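K.L.:
Sharing a structure here in structure tokens format.
The values are calculated or read from the model by the stated rules, or taken from the named source; none is laboratory data. Remember, predicted model here, so these are calculated numbers, not experimental data. Cβ placement follows ideal geometry from the backbone for every residue including glycine, while neighbour counts extend to all protein chains displayed. When the accessible area is computed, the model is the full protein with side chains, heavy atoms only, and any ligands, DNA or RNA have been set aside. Shrake-Rupley method; radii C 1.70, N 1.55, O 1.52, S 1.80 Å.
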Amino acid sequence: RRRIVVHARRVNIEHLLAEGKTQQALDFLDAQSSLSDKEQVLRIQLLMALSEFDQASEQIAALPEDLRSSDSVRPLLATLHIAQELDAVDLDEEAIKKQRDANPDDPGTLYQMALCYIVKHQSEQAMDCLLACIACDSEWKEGAAKTLLLDLFETIRSEETLVKEYRKKLYRLLH
């Protein structure tokens, strides 16, 4: 019986999402008395899609430890961290490019350039900037570039070949 109910809920949610009704899908989940682990993860994804990052963060913190460290939640944590990084800075790409041209070895500028590439979904260019930042100063801002690079690996892990290539580059750079 429970499996049938969960399946019916999933079908309703998929229908709402297919129609672009993210908020209604979230409202539908919120109206349920209890959620399966998959539905809890989906709820977090919906919150993030609606840019409700604080609520998503609270929901992740409230998950049981085994679910919080699962393969389905780790990419959400990484995406949340990247979103928080993007929210914390004002990205004027042209100004950052000028700064990079004037001082190509400045870790702060390389980091901001990586964020610009992330916004434009240019993962490879972002990873190149982050590796350059690490090469300049691996401990800049307590290893922020390495942390962001690892988060990026987690969010684009579907691009397995690219992630493997850049993991090797990171390893060679650090050893």
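K.L.:
How many residues are within 20 Å of residue 81 (Cα to Cα), open to solvent by 100 Å² or more (accessible area, probe 1.4 Å) and not small (Gly, Ala, Ser) if we restrict to segment 156-175?
P.N.:
1
K.L.:
I'd like the full set of residues that are surrounded by fewer than 17 Cβ atoms within 10 Å (Cβ to Cβ) and touching a helix residue (DSSP H, G or I) at 6+ places or on another chain (Cβ under 8 Å), limited to segment 109-135.
P.N.:
Matches in segment 109-135: 119, 124, 125, 135.
K.L.:
Please find, within segment 39-59, the residue that is nearest to residue 81 (Cα to Cα) out of those that are surrounded by 13 or more Cβ atoms within 10 Å (Cβ to Cβ) and of a type outside the set (A, V, I, L, M, F, W, C).
P.N.:
Per the stated criteria, the residue is 57.
K.L.:
A further question on this structure: Just checking, does segment 42-59 include any residue being within 19 Å of residue 70 (Cα to Cα), of a type in the set (Asp, Glu) and without any contact (Cβ under 8 Å) to a residue 12 or more places away in the chain?
P.N.:
Yes, there is a match, as at least one residue in segment 42-59 is within 19 Å of residue 70 (Cα to Cα), of a type in the set (Asp, Glu) and without any contact (Cβ under 8 Å) to a residue 12 or more places away in the chain.
K.L.:
If I filter segment 1-9 for residues that are of a type in the set (Gly, Ala, Ser), more than 27 Å from residue 82 (Cα to Cα) and surrounded by fewer than 16 Cβ atoms within 10 Å (Cβ to Cβ), do I get at least one hit? Before you say what the answer is, go through the steps one by one.
P.N.:
The first filter runs over segment 1-9 and keeps only residues of a type in the set (Gly, Ala, Ser), leaving 8.
If we keep only those that are more than 27 Å from residue 82 (Cα to Cα) as well, we get 8.
Narrowing further to those that are surrounded by fewer than 16 Cβ atoms within 10 Å (Cβ to Cβ): 8.
Yes, segment 1-9 has at least one match.
K.L.:
Turning to a different aspect of this structure: Which of the numbered conditions does residue 33 fail, given that it passes all the others? Conditions: (1) part of a loop (DSSP other than H, G, I, E, B); (2) in contact (Cβ under 8 Å) with a residue 40 or more places away in the chain.
P.N.:
Answer for residue 33: the failing condition is (2).
K.L.:
Still on this model: Do any residues in segment 3-23 that are in a helix (DSSP H, G or I) have Cβ atoms under 6 Å from those of residues that are small (Gly, Ala, Ser), where the two are at least six apart or on different chains, and which pairs are they?
P.N.:
Sorted first by the residue in segment 3-23, then by its partner, the pairs are 6/36; 13/25; 16/25; 17/25; 22/49.
K.L.:
Would you point out which residue out of 94, 154 is in a helix (DSSP H, G or I) and in contact (Cβ under 8 Å) with a residue 12 or more places away in the chain?
P.N.:
On the way: 94 fails: in contact (Cβ under 8 Å) with a residue 12 or more places away in the chain.
Criteria check complete, one pass: 154.
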